[in-house]
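The values are calculated or read from the model by the stated rules, or taken from the named source; none is laboratory data. Source: prediction; values computed, not measured. Every residue, glycine among them, receives a Cβ derived from its backbone with ideal geometry; neighbour counts consider all protein chains shown.
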Amino acid sequence: MDTIRFEDFYKNAMDFFIEAGHAASSVPVYFNHSVKQVIYFDTKKSLLIDNAQRRDLEYAVNISHLFDIGDDVFTAQIGEKVSYYSIVIECEKKSRSQIAYETHMLLHPAFEADMSIVLFRHDDEVMVSIWGSGSDLILSDWYNVDTDYDSFVERLHIANFSLSSAKEFVSDLSYCIARDYYFRSATDSNTMYSLLPVNFFGATDISDTIDKETIKETIREILTAPEKAYGDDYIEPASRSVEAVGDIDIELDLLSFELESEEETIPDEILNDDEGERNGDFDEIEGEEESAKDEYEFDDVDPEVFKDASQLVKWLKKNEAII
């Protein structure tokens, strides 16, 4: 491993964060430590690292604790701390994102901070990873240190983020630098429905213009687009809702069943029978209401009036005169 090659990377990292407004001093807490130093000497915690994890950490060199920000920066002074680090990783390009991900995940407990931000370097490119904004580690794209430096500094400038609390700050930072598929991913079951080419305002069924297998293939291409775009640098988000592309088949089968169920028509004779029954029910209800009304109106009339025709005529004339 060429640890000499990037032994001054911590200085570049400090300059980068100072220019982005995150740091005020160029003096790091410590610089160019090995993994063993970080795990066994730089932390008070006892970390258990197995052989497989130790092999993953072998690619991380020149680990530097740059600085911390906390209550002196954030409005909410609740003792939360964000620690900044720089790490050089020496591995094949195809493994760099996975190695960086594993390294940050394994070393975060040793950082003794609520949230941690690491600036990784691999050859002539750098990447930021953030732990503390939810249940997953957030990775940025890789940026060339020569051609992308200015745009990367501008994107990470502290003026872009909330300083109300450490959580809000890290959340804003994560959203700003995260790879597109972290927060703009189309891989949840609800969005999958919106990907279907359905004409909701026409009478044409999707099966009339395109078969189900073509739809599935189209959606697969959309869902796997980030993997194809990032190639070996693609890291599956832990929070991804649809765990496998195979779930598309299940979702589409369910959707097809729902569409077919909604499109089934009811025979006219059944509709007519139902309409006749409803009309009959209405007539019966109206008849009962009229009877109840009549019964209520003649409650104060002497029953004997209805037995004698002459008395009934007199009663009617009397009531007509009153009206």
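Observations on the model:
- Taking the stretch 104-130 as the range and being at positive phi and either out of contact with any strand residue (DSSP E or B) (no Cβ under 9 Å at 6 or more places or on another chain) or crowded, with 23+ Cβ neighbours inside 10 Å (or both) as the test, only Asp123 passes.
This table checks each residue for (1) aromatic (Phe, Trp, Tyr); (2) at positive phi; (3) assigned to a strand (DSSP E or B); (4) within 34 Å of the chain's Cα centre (by Cα).
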{"position": "Ala13", "(1), (2), (3), (4)": "no, no, no, yes"}
{"position": "Phe16", "(1), (2), (3), (4)": "yes, no, no, yes"}
{"position": "Gly21", "(1), (2), (3), (4)": "no, yes, no, yes"}
{"position": "Phe31", "(1), (2), (3), (4)": "yes, no, yes, no"}
{"position": "Arg54", "(1), (2), (3), (4)": "no, no, no, yes"}
{"position": "Asn62", "(1), (2), (3), (4)": "no, yes, yes, no"}
{"position": "Glu80", "(1), (2), (3), (4)": "no, no, no, yes"}
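- Residue match in the stretch 181-202 (condition: touching an Asp or Glu at 6+ places or on another chain (Cβ under 9 Å), in a loop (DSSP other than H, G, I, E, B), modelled with pLDDT of 60 or more and over 18 Å from Ile235 (Cβ atoms)): no
Yes or no, residue by residue, for (1) surrounded by 12 or more Cβ atoms within 10 Å (Cβ to Cβ); (2) of a type in the set (Lys, Arg):
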position	(1), (2)
Glu7	yes, no
Ala20	yes, no
Asn32	yes, no
Tyr40	yes, no
Lys45	no, yes
Leu48	no, no
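- If you go through the stretch 122-138 and keep only what is assigned to a strand (DSSP E or B) and of a type outside the set (A, V, I, L, M), you end up with His122, Glu125, Ser129, Trp131.
- Ile63 being surrounded by 14 or more Cβ atoms within 10 Å (Cβ to Cβ), among the β-branched types (Val, Ile, Thr) and over 28 Å from Ser95 (Cα atoms): no
- Scanning the stretch 82-113 for residues that are more than 17 Å from Asn32 (Cα to Cα) and over 26 Å from the mean Cα position of the chain (by Cα) gives Cys91, Glu92, Lys93, Lys94, Ser95, Glu112.
- Annotation note: of Asp150, Asp146, Asp72, Asp68, the sole residue that is without any contact (Cβ under 8 Å) to a residue 24 or more places away in the chain and either surrounded by 19 or more Cβ atoms within 10 Å (Cβ to Cβ) or not in a loop (DSSP other than H, G, I, E, B) (or both) is Asp150.
- Odd one out for Ser174, checked against (1) part of a loop (DSSP other than H, G, I, E, B); (2) modelled with pLDDT of 80 or more: (1)
- The condition (being touching a helix residue (DSSP H, G or I) at 6+ places or on another chain (Cβ under 6 Å) and either within 21 Å of Met14 (Cα to Cα) or at pLDDT 95 or above (or both)) is satisfied by just one residue among Val118, Val126: Val118.
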